[in-house]
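Since the structure comes first, as C-alpha cells, the remarks are kept for the end.
The values are calculated or read from the model by the stated rules, or taken from the named source; none is laboratory data. Nothing here was measured: the structure is a model prediction, and the numbers come from that model. In this analysis, Cβ positions are derived from the backbone assuming ideal geometry, glycine residues included, and neighbour counts consider all displayed protein chains.
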Amino acid sequence: MQARRNPILRGRVLRPPVPLGERSPQPAVTGTVTGKAYFAVGVLLLAAFAMLELAHWRWPWLTRLQTDDVYKQVSGFALLALVADQWRFSALRAQGKLSQAAALIRRHKWQGALAPVFFYFHSQGMGYAYTLALSVTFFAVFLTGLCNAEITRIRKSWFHPVWVTAHVGLSSALLLLIAYHVYIGYVFE
C-alpha cells in the first residue's frame, strides 16, 4: 500500500497502517508541523504576566530574592543565556546550515514561548525609562515570535520577509538594550 496525500491533513502524507508486531520507522503523519501548543503556552504566560503587572501584584518571596545582588546577576545571566541560545537558530540559518537550524526550530519556539517565565524571575515588572524600553522590546520579540506564519496562516509572499525582518530586527535591538543594561548594572550599582 502506498502513502497518499490527505486533503484533511493539508497535504501531509498519511502512511499506511503497520501490521501488529512491527514497528514503523516513521510516524503516522509526517510534515513540518512542530505542534502549536507552544503558542497556547506563550499566550497563557503573557496573559498571566500582564494581569500581574496591571494589578501591580508581586510575590513577596520573589521580591525579596530580586533585591539580592547575587540573585539579580544569576537570573540576569540565565535570561541572557536564553537569549544567546535563541540566537543560535538565526546564526545557523545565516551560515546556510539549514538542516541544523531546522533541527532547532522546535526548541527555538518552546524556549521563546517560555521566555516570560525567565523574564518574570528576573523582574516582576516592566520597569521604567530604559528598562521599560528593554521590557517592551523583549515582549515585542516574544510576540513576533509567537505570531509566525504557522500560527497566523498568512501565506502572502510579502509576509515572511517582513516577519523575519521585524523579529530579527527587534532581537538585534534587544541585544543592544541588554548590553546597555548589563553595563549600567555593573558600572552604577
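Here are 152, 165, 144: which of them is modelled with pLDDT of 95 or more, closer than 23 Å to residue 93 by Cα and out of contact with any helix residue (DSSP H, G or I) (no Cβ under 7 Å at 6 or more places or on another chain)?
165
Within the span defined as the range 66-75, every residue fails to be outside any helix (DSSP H, G or I), over 20 Å from residue 39 (Cα atoms) and under 20 Å from the mean Cα position of the chain (by Cα). When the range 80-115 is filtered for residues that are assigned to a helix (DSSP H, G or I) and among the basic types (Lys, Arg), the ones remaining, listed by number, are 88, 93, 106, 107, 109. Just one residue in the set 165, 152, 137 is of a type in the set (S, T, N, Q) and surrounded by 13 or more Cβ atoms within 10 Å (Cβ to Cβ); that residue is 137. Is it the case, given these coordinates, that residue 31 is surrounded by 11 or more Cβ atoms within 10 Å (Cβ to Cβ), in contact with a helix residue (DSSP H, G or I) (Cβ under 8 Å, 6 or more places away or on another chain), of a type in the set (Gly, Ala, Ser) and at pLDDT below 55? For residue 31, the condition - surrounded by 11 or more Cβ atoms within 10 Å (Cβ to Cβ), in contact with a helix residue (DSSP H, G or I) (Cβ under 8 Å, 6 or more places away or on another chain), of a type in the set (Gly, Ala, Ser) and at pLDDT below 55 - is met. For the range 88-142, a residue qualifies if it is free of Cβ contacts under 8 Å to residues at least 60 places away in the same chain and under 15 Å from residue 172 (Cα atoms), and the qualifying residues are 88, 89, 91, 94, 133, 134, 135, 136, 137, 138, 140, 141.
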